[in-house]
Structures are given as C-alpha cells and as structure tokens.
Amino acid sequence: MPPVKPDRMTGQPLARDISLPLLLGGHGPAWLQVATGQADPILGLPRSGNGYQFIRITGGWAAQPFPVDPGCDNCAPGPLPVYYLADGSRVASRVGTADFAAPAATRGALWLVSYRRGADLRTATGQAQEVSVTGAALGPRLELPAGYAIDQETRAGLLLVREAAGSGPVRYELWDPGTRRAERSFVNLIAASPAEIAWVDCTEGCQVHVMDLASGSSRQFSLSGQSTAYAGAFSPDGRFLALLVTARITATGQAAAIRLTVATVASGQMTAVPGTMVGSGNGVSFGWQAGSHRLIADLATGPPGQPEWQIAVWGPGDTRLSTTLVRIPENSWPVIDQGPY
C-alpha cells in the first residue's frame, strides 16, 4: 500500500472570522461554513437514495443524483434530473434531464448529454444540447462521435473524452462541432478551463504544457527531479495553475509523498505550497474559491463512521498554510474541484 504518513497537512489555525463556505455533496447537500461548522441545507433538491454529485460550471454548480446501478458494465445510466445551484445560493432549480451534465464555456450555461437507455457507452452516440441554467435550449442539438462524451466546452471547441476508457492513457479530443473533426488530441491532461488546457509529458523528464486556446500558443515548464503531476486546477482568471505533484520518490521509483505546487502561468515560476506534503496514500482534493486566488484543499482524516476533514487554505504570497478540522455528516463530503463527485 502507498505510504500514508504524514497523514495531515501542517500550518497555522484558520482564522475564525474567515468567510469560507464549502459545498457538501452526497446525501446531505449543504453549504458548510468552515469557520463555524454550521451546515445550511440546499433547498430544491428532492431526496435521493444515492445522494447528489456536483459538476462545476461557470457561476455555480450542476447537481445530479448518482445513478442507480444499471446492472451491466459500460451501460448508459438513463435520464436523471439536472439542477442548477448558483455560487452561494441555498436554492437549486431544475434545468432538465440527461444521462450526464458538463460545463459550457460561457456563464449561465451547461451541456446535457443523453443516450439511448441501456446503450453501450463504448460505442453509443450521445445527443448533446447546450441549455441555459433556466433550461432554455441554446443552439441546435449535436450528435457526438460514437463512444465519446463532453468533458467540458472550451472557447476552441468541445473537449471530448471516451466514456469507457481502457487501461491505457486517457485520450481527450478537442472537437469542432462545425466541421465534426478533432482539431487536437491530448493525453495525460490534468486541467482544463474555457481558455486553457494543461497536460504532462514525461518522455524526457516531466514537463507541464499549458495551451492558450484563443491563440493556440503553448508554454511549458519543468517539474523538479523525478516529480510528476497527477492533477491540476486553473485559478478562475487563469493566472495560476495548482498542481498535485510527487514530493518524494522511493528507491524503487514509487511515490512516497505528494504535495501541492502552484505555477504562475505567464512566467512558469513554481511555488511549493507550504505544509501540504502528505503520504502518497492520502486522497487530496483541491480547487480555487470562486472569483479569487484562494486555493482550498481537503483531506479526510477521521476513522470510519466518524467523518472528519482537514480543510487547508493558501493564497499566492502567503508564507504559511492555514488549516482547520471540521465534522461532516456521514455519507457527505466537501466539493472543491471540478467534479463530478
């Protein structure tokens, strides 16, 4: 098993007066006020036996119940209701129904993707419709390439991914709906936004590549030593790219520890986020608070049946990480990164 020690991030106590609401997914959707531990339930989401997953879209979140097991591998789950929750709102509103939801490139919109019930996702053709957060159709319905779904829309086209990927590297396609052609392919993609895409190439050392989708230009910066990046997240304005990277490597080449690093996209300057090094066996989620340069990370620390989460906060220029522990209802979890989860 991968090492789990250290099993917590380290830093100064989080200020009690900080405004830090976190969305909770699962069986008890709510906004958690991290400083006080108060959880305010989200209205407008009917009770779901499997709980709710959330997908980040510009200006808020798409919410959808977790599907019931369809009883077969790689089968389409069938249509489920999709809801919209604006940032900071306590009331969700219904948008429509779909098998899957995905972010649009513009504020106040999302994509709904549907398949024939029970279809094999490895070969099925999805029907995609862009809609407003009120459910109004925005443009014509599209037929996606067989076996693909929308990861998210960008300003250069739809970023597609295979719905049922094999054991090899996951390949993403930047697809132009007008020409129905893939303009570019990516493997080892770690982050995407409407304006930028980032991926890792470790053929000669490990380098992070960032492409500006408006100009088509790309820049790259190297990770130190034997480090590689597992995941990434662009700040809302695209100036920063947060990365989860390996921090220590064993003699056999296995990751012993991981930590968060933030790259300044324009310069490639890399800054290790202090206090974030933990054993590689720990699950760290991270993302940026809406409209800010505040990086948030979470780590489950409580024993089974006693859910406790460590929440960490850092911003460019901070010399220390700020942390706190919060109790969260069982079968719920913080929603920080892009999702769905």
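The values are calculated or read from the model by the stated rules, or taken from the named source; none is laboratory data. The shown structure was predicted, so the numbers you read here are calculated from the model rather than taken from an experiment. Ideal geometry is used to build each Cβ from the backbone, glycine not excepted, and the neighbour counts take in all protein chains shown. These accessible areas exclude ligands, DNA and RNA; they are computed on the full protein's heavy atoms, side chains included. Shrake-Rupley method; radii C 1.70, N 1.55, O 1.52, S 1.80 Å.
So what's the range 195-341 giving for Rg/Rh, alpha carbon basis, Kirkwood Rh from the mean inverse pair distance?
Looking at the range 195-341, the ratio lands at 0.98.
Can you sort V113, V4 by solvent-accessible area, 1.4 Å probe, largest first?
V4, V113
Which order do you get for Y230, Y83, Y172 if you rank them by accessible area with a 1.4 Å probe, largest at the top?
The residues order as Y230, Y172, Y83, largest area first.
First check a/c for the chain, with a ≥ b ≥ c the square roots of the eigenvalues of its C-alpha gyration tensor; if it is under 1.5, answer rounded, and if not, answer prolate when a/b is larger than b/c or oblate otherwise.
Numbers: a/c = 1.56, a/b = 1.17, b/c = 1.34.
Because a/c hits 1.5 or more and a/b fails to exceed b/c, the chain counts as oblate.
Through the Karplus equation 6.51 cos²θ - 1.76 cosθ + 1.60, θ set to phi - 60°, convert the phi angles of the range 195-203 into ³J(HN,Hα) values in whole Hz; use x for Gly and Pro.
Running phi through 6.51 cos²θ - 1.76 cosθ + 1.60 with θ = phi - 60° gives 9, 9, 9, 10, 9, 10, 10, 10, 5 Hz.
Can you work out the Karplus-derived ³J(HN,Hα) for every residue in the range 212-229? Use 6.51 cos²θ - 1.76 cosθ + 1.60 with θ = phi - 60°, whole Hz, and x for glycine or proline.
Values per residue, Gly and Pro as x: 7, 6, 6, 9, x, 7, 9, 9, 9, 8, 8, 8, 6, x, 9, 5, 9, 10 Hz.
Under 1.5 on a/c is rounded, so check that first for the range 94-204, then, if it is not, pick prolate when a/b is larger than b/c and oblate when it is not; a ≥ b ≥ c are the square roots of the alpha carbon gyration tensor eigenvalues.
Because a/c hits 1.5 or more and a/b fails to exceed b/c, the range 94-204 counts as oblate.
Taking H as built 1.01 Å from N, whose amide H comes closer than 5 Å to the amide H of V82, not counting residues under 5 places away?
Counting only residues 5 or more places away or on other chains, the set is V95, G96, T97, A98.
Mind running the shape call on the range 17-95? Use the C-alpha gyration tensor, a ≥ b ≥ c as the square roots of the eigenvalues: rounded below 1.5 for a/c, prolate if a/b tops b/c, oblate otherwise.
Because a/c hits 1.5 or more and a/b exceeds b/c, the range 17-95 counts as prolate.
How much length, in nm to one decimal, is gained on full extension between C72 and S185, taken as 0.36 nm per residue of separation minus their Cα-Cα distance?
On the way: separation 113, 0.36 × 113 = 40.68 nm, distance 2.96 nm.
Contour length minus Cα-Cα distance gives 37.7 nm.
Apply the Karplus curve 6.51 cos²θ - 1.76 cosθ + 1.60, θ = phi - 60°, to the phi angles in the range 173-186 and return the couplings in whole Hz, x for Gly and Pro.
So the Karplus estimates, Gly and Pro as x, are 10, 8, 10, 9, x, x, 8, 6, 10, 7, 7, 6, 10, 9 Hz.
Return the long-range amide H neighbours of W175 (sequence gap of 5 or more, or a different chain), with a cut-off of under 5 Å between placed amide H atoms.
L158, L159, L160, E183
At a Förster radius of 45 Å, what calculated FRET efficiency corresponds to the Cβ-Cβ distance of Q127 and L325, to the nearest 0.05?
0.50
For the chain, what does the accessible surface come to per residue with a 1.4 Å probe? Please give it in Å².
Computed with neighbouring chains in place, this is 46 Å² per residue.
Once you have the Cα-Cα distance between T134 and Q38, take 0.36 nm times their residue separation minus that, and quote the gain in nm to one decimal.
Once the chain is fully extended between T134 and Q38, it gains 31.6 nm.
Calculate I(q)/I(0) for the range 112-158 by the Debye formula, one identical point scatterer on each C-alpha and no solvent, and give its log10 at q = 0.25 Å⁻¹ to two decimals.
These q points yield log10 I(q)/I(0) values of -0.98.
Of all accessible surface on the range 211-318 at a 1.4 Å probe, what whole percent is carbon and sulfur?
Summing carbon and sulfur atoms, their accessible area is 47 percent of the total for the range 211-318.
So between T252 and D17, what do we pick up on full extension, going 0.36 nm a residue minus the alpha carbon distance? Don't skip to the answer; put the middle values down first.
On the way: separation 235, 0.36 × 235 = 84.60 nm, distance 4.58 nm.
Result: 80.0 nm gained on full extension.
Can you grab the distance from the C-alpha centre of the range 192-235 to the C-alpha centre of the range 103-172, Å, no decimals?
23 Å
Divide, for the range 245-332, the radius of gyration over alpha carbons by 2.2 N^0.38 Å, where N is the residue count.
Relative to the rule-of-thumb radius for its length, the range 245-332 sits at 1.21.
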